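Values in this text are rule-based calculations from the coordinates and carry no lab data. What you see is a predicted model; the values in this text were computed from it and never measured. Using ideal geometry, Cβ is built from the backbone for each residue, glycine included, and neighbour counts are taken over all protein chains shown.
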Amino acid sequence: MSTAAPTSLRIALVAPPWYPIPPRGYGGIEAMVADLANALVVRGHDVTLIAAGENGTSAGFRTTYSVPPTARLGEGLAEVVHAARAARYLDQLELDLVHDHCLAGPLTAAGRRTPTVATAHGPVDGEIGQYYRDLGGAVSLVAISNSQRRMAPSLNWAGTVHNAIDVQSFPFREDKEDFVLFLGRCNPDKGVHLAIDAAREAGRRILLATKINERAEREYFDAEIQPRLGPGVEHLGEADATLKRELLAAARCLVFPIQWDEPFGLVMVEAMACGTPVVALAQGAVPEVIVDGVTGFVRTKPDELAEAIDAVDQLSPVDCREHARRNFDVEIMATGYERVYAELTS
């Protein structure tokens, strides 16, 4: 059982506006924020969550949109409005620290005396990296992987804290069914078509649980995924929290053939928590998350995935679960953030 931190802090967590907290289906950042909020409350902190929709956590709550603007995902104005409303709440609260998980929100940090930490949930190179540099010392950044931090080592980093999950909320299953799984956004960067091709080459049935509600996702689905559907390839649509857990627990393995340097990839941890190994390409944080040959297989080329899918029977579901519990449980994440908070408020 967790004990309260030596110093109880008044913390505001600012979540992105796109999904409820916690999300009902897709929404890795929102799930992480919900778990962190609950863990910090248990540890004795006074936590206020600023988000869209209704409160699904044990923290105090302020809402920016009565209904999350999911259909406007990625639209600049919706996020700016969210940030402006959050800033108004932050001005009204007595706080020791603001922890922002949005892109636009940190723009208001320079006007506050309260220290602001922002978790960089996406890329940190190129124009976004320059944006973080332009924020200067007003915002301290937290990386979600060493891989991400290496992409821009000169940013104002305050620490590295891996994303995590409430491992006990994911069902462990040792007996697996004879299908492989892809779960995530329907996006070329996620390599959905590569997952299908690898499963077909391995002679394995594959289930696809994907989010398709953005124009680019629909175009990719129509061009690359729809033509590949048929015997042995089934598209289920987006999975809610319950179905996601059922699929992850039952799958022979999760296939994660990403095509970019993704900073983390929470679904890998979710799969391992269910005792399900992950077959992935060595991009971004993948080598930090998967223990090659123990909790999955990390490969460098797409044409190596089929053989790895065939070999997952060699791996232990118990080892997968234990790796997730020891390294990526929410308690470990909360401890990491407490260290960052302590540095910024001392």
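Please report, in whole Å, how far the alpha carbons of the range 1-131 spread along each principal axis, starting with the longest.
40, 34, 29
Once every DSSP H run of n ≥ 4 in the chain is given -39500 (n - 2.57) and the sum is divided by its residues, what mean residue ellipticity at 222 nm do you get, rounded to the nearest 500 deg cm²/dmol?
For the chain, the value works out to -10000 deg cm²/dmol.
Which cross-chain or sequence-distant (5 or more) residues have an amide H under 5 Å from the amide H of residue 262, H modelled 1.01 Å from N in plane?
So residue 262 has HN proximity to 284, 285.
So what is the diffusion coefficient of the range 189-261 in µm² per second by Stokes-Einstein at 37 °C and 0.692 mPa s, using a Kirkwood Rh over Cα pairs?
Result for D is 254 µm²/s.
Please list, in chain and number order, the residues 5+ apart from residue 191 or on another chain whose amide H is under 5 Å from its amide H, with Hs placed from the backbone.
259
Can you give me the relative contact order of the chain as a percent, contacts being Cα pairs under 8 Å and 6 or more apart? All intermediate terms of the calculation are to be shown ahead of the outcome.
On the way: 724 pairs, mean separation 54.0, N = 346.
Reported as a whole number, the value is 16 percent.
Evaluated at 25 °C with a viscosity of 0.890 mPa s, what Stokes-Einstein diffusion coefficient in µm²/s does the range 167-326 have when Rh comes from the Kirkwood expression over alpha-carbon pairs?
161
Quick check of the Kirkwood formula: for the range 108-168, what is the inverse mean of 1/r over all pairs of different Cα atoms, in Å?
About 12.2 Å, per the Kirkwood formula over Cα pairs.
Antiparallel DSSP bridges in the range 182-267: what percent, to the nearest 5?
10
How large is the charge dipole for the chain, taken about the Cα centre, if only the Cβ atoms of Lys, Arg (+1) and Asp, Glu (-1) carry charge, to the nearest 20 debye?
On the way: 32 positive and 46 negative charges, 140 e Å.
So the dipole magnitude of the chain works out to roughly 680 debye.
I want the antiparallel fraction of DSSP beta bridges within the range 216-346, as a percent rounded to 5.
Bridges in the range 216-346 that DSSP calls antiparallel: roughly 10 percent.
So for the range 167-326, averaging the separation of alpha carbon pairs under 8 Å that are six or more residues apart and normalising by length, what relative contact order in percent results?
Rounded, it is 26 percent for the range 167-326.
Leaving out same-chain residues fewer than 8 places away, which lysines sit with a Cα under 22 Å from that of residue 190?
The qualifying lysines are 211, 244, 301.
Sum up the charges of everything whose Cβ sits under 15 Å from the Cβ of residue 66, counting Lys and Arg as +1 and Asp and Glu as -1, but leave residue 66 out.
With Lys, Arg at +1 and Asp, Glu at -1, the neighbours total +2.
Which residues' amide hydrogens lie under 5 Å from the amide hydrogen of residue 100, considering only partners 5 or more residues apart or on another chain, with H built in the peptide plane?
Distant-sequence amide H within range of residue 100: 14, 117, 118, 119.
Hey, what do the phi angles of the range 204-216 turn into as Karplus ³J(HN,Hα) couplings, whole Hz, using 6.51/-1.76/1.60 and θ = phi - 60°, x for Gly and Pro?
10, 5, 10, 9, 10, 10, 10, 8, 9, 9, 10, 4, 5
Helix 330-345 sits at what angle to the longest principal axis of the chain, using alpha carbons and giving 0 to 90 degrees rounded to 10?
30
Where the centroid of each part is defined by its Cα atoms, how far is the range 22-59 from the range 227-284 in Å?
Value for the Cα centre distance between the two parts: 24 Å.
Along the charge dipole of the chain, which of 183, 255, 311 sits closest to the positive end, that is, farthest toward it, with unit charges on the beta carbon of Lys, Arg, Asp and Glu (+1, +1, -1, -1)?
Farthest towards the positive end: 183.
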